[in-house]
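Worksheet for the structure shown next.
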Amino acid sequence: MKTTLLALLGSTLALLAQDARWELVWADEFDYTGLPDATKWGYEVGFVRNQERQYYTKARKKNARVENGHLVIEAHKEAFANPRYKKGSKRWHEARKNAEYTAASLITLNRASWRYGRIEVRAKLPKAKGSWPAIWMLGTNHTKIGYPFCGEIDIMEFVGHRPDVVLGTMHFPDAKGKHKSSGGRLKTAAPADDFHIYAIEWNEQRIDFFFDKERYFTFPLDKANVGKDNPFRKPFYLLINYAVGGTWIPDIDPSAFPSRYLIDYVRVYRAK
């Protein structure tokens with residue numbers, strides 16, 4: 001009994017210490033019903049990247065809705081007409097007349113962005129083989145200077161064919177402008193079985209990656225170029241998406257769909 005009480009006291013003190021360091025500046029607690037709050041979230045639409053199989057829809061409750069206190073991003077196996085289809089095109093996003101899957105990608109671009117702080121998401125990941133959910137960030141200047149110059153912060157990536165691994169990765173240009181990445185991976189028992197907290201703590205010197213209370217990767221910002229032109233010393237916006245298939249996914253189990261990705265809350269803090 002004494003050991004249990006000491007453990008609880010230690011946990012409480014740790015939470016109080018964390019609260020003392022941070023001030024909440026933006027959040028969505030998903031304490032409403034219907035489409036995601038349009039003042040906070042926009043959408044990516046269509047076939048977007050990585051030759052993924054899903055078509056991202058906009059403001060379609062079947063793929064993204066808020067209910068029972070959670071944001072639900074739901075991937076479906078269904079035929080969905082591709083409005084960018086061009087017969088005979090060699091471009092992957094134009095060559096498909098119909099998508100085989102639908103899902104959603106929610107973004108805060110043009111609504112909210114941050115430089116430094118703690119970005120925290122409590123989520124339950126989908127288990128479907130072929131799933132590729134992510135919580136990540138891109139530099140707000142990516143439409144002007146392109147990728148990888150804008151930088152990318154993958155707070156969480158998970159793939160259904162590796163059900164015991166959580167990934168956190170940084171993407172940035174090297175000195176010659178070519179794509180470079182650096183990341184960490186955490187092996188943990190069945191992260192998709194329950195809700196967990198995926199977070200980064202980001203300051204002028206480094207970004208720390210967390211799975212619940214465990215810090216499993218640290219990235220020194222100067223590794224991506226010293227000085228003011230470092231992409232990770234500029235504002236970023238948040239993306240939460242559910243991809244199906246793509247260049248990183250070897251196989252999809254169609255019988256595993258529909259499949260849900262649940263977000264309990266999103267909170268952004270700044271250092272006090």
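A short reminder: the numbers here are calculations on the coordinates, not readings from a lab. Because the structure is predicted, anything quoted here is derived from the model rather than measured. Neighbour counts are summed over all protein chains in view; Cβ atoms, including those assigned to glycine, are modelled from backbone coordinates with ideal geometry.
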Query raised in the report: Quick one: net charge of Ala112's neighbours, Cβ under 14 Å, K/R +1, D/E -1?
Result: +3
Query raised in the report: Which trypsin sites (Lys or Arg not before Pro) does segment 199-228 hold that lie in a coil by DSSP with at most 12 other beta carbons within 10 Å?
Result: Lys213, Lys228
Report summary line: The helix 2-21 Cα axis meets the longest alpha-carbon principal axis of the chain at an angle in degrees, between 0 and 90 and rounded to 10, of 70 degrees
Query raised in the report: To the nearest Å, what is the center-to-center distance of segment 232-251 and segment 55-105, using C-alpha atoms only?
Result: 15 Å
Report summary line: Amide H proximity to Lys180 below 5 Å, modelled H, separation 5+ or other chain, gives Phe172, Asp174
Query raised in the report: Per the Debye formula with a single identical scatterer at each Cα and no solvent contribution, what log10 I(q)/I(0) holds for the chain at q = 0.13, 0.17 Å⁻¹?
Result: -0.90, -1.49
Query raised in the report: Check Tyr147: other-chain or 5+ apart residues with amide H under 5 Å from its amide H, H built from backbone geometry?
Result: none
Query raised in the report: In nanometres, what is the gap between the two model label sites at His161 and Asp19, each 7 Å from Cα along Cα-to-Cβ?
Result: 4.5 nm
